[in-house]
Amino acid sequence: MHGLKQYWIGFNLVKGIGPVRLQSLLNVFGDVKTAWEASAVQLQEAGLSSKLIARLLQVRADVSLEQVLQNIHRQKITALTWEDETYPARLKEIPQSPPVLYVRGELKMEDEWAVAIVGTRRFTSYGGQVAERVAGMLARNGVTIVSGLARGVDAIAHRAALEAGGRTVAVLGNGVDRIYPPEHRTLAQEIAQHGAIVSDYPLGTPPDGSNFPPRNRIISGLSKAVIVVEASQRSGALITANYAVEQGREVFAVPGNIYAPQSTGTNRLIKKGAHPLLDPQDVLELLDMTQITEQKTARVVLPSNSTEATLFEVLDMESLHVDEISAKSNLPVEEVTSTLALMELKGMVRKLGGMKYEAVREIRADYRTEE
């Protein structure tokens, strides 16, 4: 796995080769190393344009991937790829998930219980109070707060989560070795100590304006829901809300003064069907997150009985419907559903909807290691 990581990073350095094109290359060549080492003719046959081939060959000629990887490790940054078991499961579900995710700090399994809080940089006193109260309340209830480290609502949400003793994740529109805005360096250090700073942009990438809209898909992708506190009609927070809808996430918007420009975006979101956020408890209840503490307490690394072990084995490689699980395990459907409900509470399996389940990858990896 580690031997291939440098090639994932290599493709990440080639402008224009994103998730779709990289997946296409993997489909053709079978693995990332073979794709990276392919000849110009092979790359052309695989569908790459002459411009992209030239860029790829230039990076291959100019960049020592081994040195890039050493630099990442030297700065205590983790690079996660689609192949890593610790790659965030919720993020991997979204269309065009980032092939490489750079992490300063640590993403933990408990971050699956995450909610994004975003909003305008030019917030009102009302917006600031709401962001602080909502982020603090959710953090105290075990919810990880995700935002973009921007001035305004984002920073308030991060700080409120930290002050509540909770976890928070900041998603950047530049490399994780560069903090923007610069006045948030101290805040970023605290986030890395009690959560993570993440980005899909290579180290050294500057905070160009064009980088920020695409990074918003990661903010929503890491989260179970997105809360928009205040947003004008052209706010980047609305881009995050749109991504959330596309990804099947719930969207909450804080109602505001109909004459205030900071509330035009949020009020329109409510008009279009977003949940009006009147009480932070609404988020916990709608997302069935009221049992987070119990779920975390109940988590185990290994199955506690033979039935759990059998179901864990059946779900080892794929997600299955309960009827398929019953057939493959030779267990009654009633026993399967009741056991899966307990395993979900423990964090061993995840319900996908439509009565389908999958094994949680981090637990599965630990289980395999023990064997």
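All of the numbers you see were taken from the coordinates with simple rules; none came from a lab. This one's a predicted model, so the numbers in the text were calculated from it and none came from an experiment. Don't worry about glycine lacking a Cβ; one is built from the backbone with ideal geometry, like all the others, and counts go over all protein chains shown.
Of note:
- Rel. contact order, % - alpha carbon contacts under 8 angstrom, at least six apart, the stretch 109-286: 22 percent
- Distant-in-sequence amide H partners of residue 114 (H built 1.01 Å from N, under 5 Å): 144, 224
- Subtracting the Cα-Cα distance of residue 57 and residue 4 from 0.36 nm times their residue separation leaves 17.3 nm of extension gain.
- Applying both filters, DSSP loop and at most 12 other Cβ atoms within 10 Å, to the trypsin sites (Lys or Arg not before Pro) of the stretch 29-126 gives 76.
- Counting only Cβ charges, +1 for Lys and Arg and -1 for Asp and Glu, the dipole size of the stretch 109-286 around its Cα centre is about 520 debye.
- Cα centroid separation - the stretch 89-133 against the stretch 169-231, whole Å: 8 Å
- Using only side-chain charges placed at the Cβ, +1 for Lys and Arg and -1 for Asp and Glu, the dipole size of the chain relative to its Cα centre rounds to 1620 debye.
- Taking the charge dipole of the stretch 2-74 about its Cα centre, with +1 at Lys and Arg Cβ atoms and -1 at Asp and Glu Cβ atoms, the residue from 36, 16, 56 reaching farthest to the positive side is 16.
- The calculated FRET efficiency for residue 258 paired with residue 96, based on their beta-carbon distance and R0 = 41 Å, is about 0.70.
- Karplus (6.51, -1.76, 1.60) ³J(HN,Hα), θ = phi - 60°, over the stretch 160-167, in Hz, Gly and Pro reported as x: 5, 5, 5, 5, 7, x, x, 9
- Sites residue 271 and residue 122 - FRET efficiency at Förster radius 25 Å, r taken between beta-carbons, to 0.05: 0.70
- Estimated inter-spin distance, residue 246 and residue 39, nm [label 7 Å along Cα→Cβ]: 3.8 nm
- Each residue, residue 28 and residue 356, gets one label point 7 Å from its Cα in the Cβ direction; the gap between the two is 2.9 nm.
- Global form of the stretch 189-276, assessed from the alpha-carbon gyration tensor, a/c cut-off 1.5: prolate
- Structural descriptor for the chain: relative contact order 13 percent, calculated from alpha carbon pairs under 8 angstrom and at least 6 residues apart.
- Overall form of the stretch 92-241 per C-alpha gyration tensor (a/c, 1.5; a/b vs b/c): rounded
- The lysines within cross-link reach of residue 272, meaning a Cα-to-Cα straight distance under 28 Å and a gap of 8 or more places when in the same chain, are 92, 224.
- Note on the chain: the alpha carbon radius of gyration divided by the globular reference 2.2 N^0.38 Å gives 1.04.
- Modelled label positions at residue 234 and residue 67, each set 7 Å beyond Cα in the direction of Cβ, lie 4.2 nm from each other.
- Pairwise Cα distances in the stretch 2-74 exceed 17 Å in 37 percent of cases.
- Prolate/oblate/rounded call for the stretch 239-284, Cα gyration tensor, a/c under 1.5 rounded: oblate
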